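Colleague: Take this structure first; my questions come after.
What follows is calculated from the coordinates using simple rules that are stated; it is not laboratory data. It should be emphasised that the depicted structure is a prediction, and the values quoted were computed from it without experimental measurement. Here the Cβ is made from the backbone with ideal geometry for all residues, glycine too, and neighbour counts use every protein chain on show.
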Amino acid sequence: MKVIVNADIVFPGSIERGSVTIDGDSILDILIDSDGVKKDFTGYDIIDAKGAYLAPGFIDLHIHGSGGFGTEDMSAESLLKMSLFLAKMGVSAFCPTLYPSNKKTMVENIEKLLPAFGKEEGAEILGFHLEGPFISPQKPGVMKPQDITPVDIKFMKELCAAAQGKIKIMTFAPELEGSSALIDFARQNGVFLQIGHTNATYSQMTDALKKGVSHVTHLFNAMSPFNHREPGAAGAALMGNFSVEIIADGVHVHPAIVNFLSKVKNPKEVFLITDALKPVSQTEGSLFANKEAVSFKDGVFKRVSDNVIAGSALTMMGGVKNLVSFGFSAQNAFMASAYNQAIFLGLKNMGRIEKGFKANLNIIDKEFNLKHSFVNARHYSHEEITS
């Protein structure tokens with residue numbers, strides 16, 4: 001058994017100095033120093049956190065790739081390598097995110113990735129996040145116009161059949177005709193809908209909220225902007241009872257706006273995501289994302305063809321560090337990196353540090369550098385601080 005001592009343990013409502021014991025892949029016990037309870041750890045593998053944070057393993061609900069591997073590879077082997085890479089980066093679970101493509105290719109991609117589920121040696125694959133295809137052609141982002149389609153319940157049924165119940169999240173635009181039928185179908189089939197790549201009005205956003213859709217994909221990016229005469233999707237997301245994804249790289253959203261977000265949204269409503277692309281931390285070879293050549297420039301990936309932002313180069317650890325730098329408290333930044341996601345998806349055994357929960361844990365120093373990660377009973381050490 002292992003024990004992590006001298007840690008500032010991050011709970012949903014507090015940060016307490018103490019120790020956490022691990023048996024296999026589960027948290028066995030939690031001891032808080034201020035309680036005055038002493039325990040003999042003779043025979044344990046002792047890891048001294050030396051006052052660093054002990055936080056739940058990150059949960060990334062929106063990520064296309066990392067480490068040179070991604071969903072665009074249409075390969076279960078590549079997805080498993082991505083899972084292993086993410087575990088070493090402190091990610092305990094993730095939703096591999098697919099861009100839309102033509103109907104045949106999208107079904108084939110799902111079918112080719114599906115065999116990876118249950119075979120992970122790294123971060124757990126929670127389910128697919130389909131970023132489209134039922135989105136606004138007026139807000140495509142980097143998606144190809146020919147791959148964006150009107151709401152098509154028959155096609156949605158084909159996607160669900162191919163995924164065998166593994167579609168966890170879908171991003172859609174609520175202003176599209178047929179969106180009410182999509183909301184009903186998703187609810188009946190266990191798919192969490194998110195609003196994104198949308199040109200929705202404030203009224204259309206609040207209508208979707210009334211129908212039970214309460215989460216927004218990468219706030220401010222690829223959506224109708226806030227305006228004092230028409231608040232748009234961004235305004236509705238800020239003011240309403242929506243939870244929101246945020247890409248905290250300082251490029252997709254200005255740091256001052258992230259600071260503003262920390263002041264106007266309940267901390268339980270903010271979800272850090274990376275929206276990262278395949279070349280993140282890639283160490284060799286040419287850089288490609290979504291089948292296009294890209295370069296790393298100004299903190300993001302840009303298409304070589306036109307210098308347009310192609311996507312994020314963020315990691316979850318980098319995102320937490322940025323959230324704090326931009327004005328979030330450490331407590332709320334950590335909440336945005338795991339706890340909120342687990343509550344949203346109804347995950348019963350991860351996202352917080354609690355007896356009996358999975359020992360998905362990160363030791364992070366006070367400068368927000370990852371030192372150790374524990375994912376699915378595997379221990380990754382980024383710096384030797386083991387006693």
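Colleague: In square nanometres and to one decimal, what's the mean projected area of the convex hull around the Cα atoms of segment 1-160?
Modeller: Values: hull surface 49.7 nm².
Taking a quarter of the hull surface, the average projection is 12.4 nm².
Colleague: How large is Rg over Rh for segment 175-275, taking Rg from the Cα atoms and Rh as the Kirkwood inverse mean of 1/r across Cα pairs? List each step's numbers first, then the result.
Modeller: Numbers: Rg = 13.3 Å, Rh = 13.8 Å.
Dividing the radius of gyration by the Kirkwood radius yields 0.96.
Colleague: Provide the gained length on full extension for the span Asp29 to Ser281, in nm with one decimal, where the gain is 0.36 nm per separating residue minus the Cα-Cα distance.
Modeller: Numbers: separation 252, 0.36 × 252 = 90.72 nm, distance 3.52 nm.
Result: 87.2 nm gained on full extension.
Colleague: Can you pull the three principal axis extents for the Cα set of segment 262-368, in Å, largest first?
Modeller: 49, 31, 27
Colleague: Is it possible to state the helix-based mean residue ellipticity at 222 nm for the chain, with each DSSP H run of 4+ residues giving -39500 (n - 2.57), the sum divided by total residues, to the nearest 500 deg cm²/dmol? What is it?
Modeller: Only helices count here, giving -7000 deg cm²/dmol.
Colleague: Oh, and also: With springs connecting C-alpha atoms under 10 Å apart, model the chain as a Gaussian network and identify which of Glu111, Glu367, Glu131 has the largest mean-square fluctuation.
Modeller: Result for the chain, Cα springs under 10 Å: Glu367 fluctuates most.
Colleague: Can you give me the span-like helices of the chain, meaning DSSP H runs with 18 Å or more of Cα extent along the axis and Kyte-Doolittle mean at or above 0.0? All intermediate terms of the calculation are to be shown ahead of the outcome.
Modeller: Details: long enough: 76-88 (19 Å, 0.82).
Membrane-span-like by this rule: 76-88.
Colleague: May I pose another question? Per residue, what volume in Å³ does the Cα convex hull of segment 105-259 take up?
Modeller: 126
Colleague: If I model a spin label at Asp365 and Asp40 as a point 7 Å from the Cα along the Cα→Cβ vector, what separation in nanometres do I get?
Modeller: Between Asp365 and Asp40, the simple spin-label model gives 3.5 nm.
Colleague: Hey, if you put +1 on the Cβ of every Lys and Arg and -1 on every Asp and Glu Cβ in the chain, which of Phe288, Ala236, Thr315 ends up farthest toward the positive end of that dipole?
Modeller: Ala236
Colleague: Also: With +1 on each Lys and Arg Cβ and -1 on each Asp and Glu Cβ, and nothing else charged, work out how big the dipole of segment 92-154 is about its Cα centre, in Debye to the nearest 20.
Modeller: On the way: 7 positive and 8 negative charges, 64 e Å.
In debye, rounded to 20, segment 92-154 gives about 300.
Colleague: Right, something else. Tell me, how many Å apart are the Cα centres for segment 56-100 and for segment 138-152?
Modeller: Distance between centres, Cα-based: 23 Å.
Colleague: Using 10 Å bins from zero, what percent of all Cα-Cα pairs in segment 100-160 falls into each bin?
Modeller: For segment 100-160, the binned pair fractions read 19, 45, 27, 8, 0 percent.
Colleague: Something else: With point charges of +1 on the Cβ of Lys and Arg and -1 on the Cβ of Asp and Glu, referenced to the Cα centre of segment 1-129, which listed residue (Phe94, Met106, Ile22) lies farthest in the positive direction of the dipole?
Modeller: Toward the positive end, the furthest listed residue is Met106.
Colleague: Rounded to the nearest 20 Debye, what is the dipole magnitude of the chain about its Cα centre when Lys and Arg each give +1 and Asp and Glu each give -1 at the C-beta? Intermediate values should be presented prior to the final figure.
Modeller: Numbers: 37 positive and 41 negative charges, 110 e Å.
For the chain, the charge dipole is close to 540 debye.
Colleague: Kindly provide log₁₀ I(q)/I(0) values, in the same order as q = 0.32, 0.34 Å⁻¹, from the Debye equation applied to equal alpha-carbon scatterers of segment 27-68.
Modeller: Relative scattering, expressed as log10 I(q)/I(0), comes to -1.35, -1.32.
Colleague: Still on this structure, I have one more. Could you tell me the calculated FRET efficiency between Ile257 and Asn307, based on Cβ-Cβ distance and R0 = 35 angstrom, to the nearest 0.05?
Modeller: Numbers: r = 23 Å, r/R0 = 0.66.
Plugging the Cβ-Cβ distance into 1/(1 + (r/R0)^6) gives 0.95.
Colleague: Now for a different question. Using a/c under 1.5 as the rounded threshold, could you call segment 130-207 rounded, prolate or oblate? The axes a ≥ b ≥ c are square roots of the C-alpha gyration tensor eigenvalues, and prolate needs a/b larger than b/c, oblate otherwise.
Modeller: Details: a/c = 1.89, a/b = 1.29, b/c = 1.46.
Cα axes put segment 130-207 in the oblate bin.
Colleague: Can you order the peptides 152-160, 194-202, 19-27 by their average number of other Cβ atoms within 10 Å per residue, highest first? Let's see the in-between values first.
Modeller: Details: 152-160: 15.7, 194-202: 24.7, 19-27: 17.9.
Ranking the peptides 152-160, 194-202, 19-27 by packing returns 194-202, 19-27, 152-160.
Colleague: Sticking with the crude label model, points 7 Å out along Cα→Cβ, report the distance from Lys268 to Arg187 in nm, one decimal please.
Modeller: Modelled inter-label distance: 2.2 nm.
Colleague: Starting at the first residue of segment 126-131, write each ³J(HN,Hα) from the Karplus equation 6.51 cos²θ - 1.76 cosθ + 1.60 with θ = phi - 60°, in whole Hz, x for Gly and Pro.
Modeller: 7, x, 6, 10, 8, 8
Colleague: Based on the mean of other beta carbon atoms within 10 Å per residue, what is the order of 62-69, 238-245, most packed first? Kindly include the intermediate steps, with their values, before the conclusion.
Modeller: On the way: 62-69: 25.0, 238-245: 18.9.
In decreasing order of mean packing, 62-69, 238-245 become 62-69, 238-245.
Colleague: Tell me the label-point distance for the pair Gln146, His379, using the 7 Å Cα-to-Cβ offset, in nm and rounded to one decimal.
Modeller: It is 5.3 nm.
Colleague: Oh, and also: Provide, in order from the shortest bin, the percent of all Cα-Cα pairs of segment 58-345 in each 10 Å bin, continuing until the bin that contains the maximum pair distance.
Modeller: Pair shares across the bins are 7, 31, 39, 21, 2, 0.
Colleague: A further question on this structure: Going through segment 315-387, which trypsin sites (Lys or Arg not before Pro) have at most 12 other Cβ atoms within 10 Å and a DSSP loop state?
Modeller: Within segment 315-387, the qualifying trypsin sites (Lys or Arg not before Pro) (loop, at most 12 other Cβ atoms within 10 Å) are Lys348, Lys355, Lys366.
Colleague: Another one. Between Ala87, Ala276, Ala342, find the one with the highest GNM mean-square fluctuation for the chain; connect C-alpha pairs within less than 10 Å.
Modeller: Ala342
Colleague: Estimate the FRET efficiency between Met239 and Gln164 by the formula 1/(1 + (r/R0)^6), using the beta-carbon distance for r and 45 Å for R0, to the nearest 0.05. The partial results should precede the final answer.
Modeller: Values: r = 38 Å, r/R0 = 0.85.
Given R0 = 45 Å and the Cβ-Cβ separation, E is 0.70.
Colleague: Would you mind getting me the FRET efficiency between Lys104 and Ala293? Use the beta-carbon distance for r and R0 = 35 Å, nearest 0.05.
Modeller: Working: r = 25 Å, r/R0 = 0.71.
The computed FRET efficiency comes out at 0.90.
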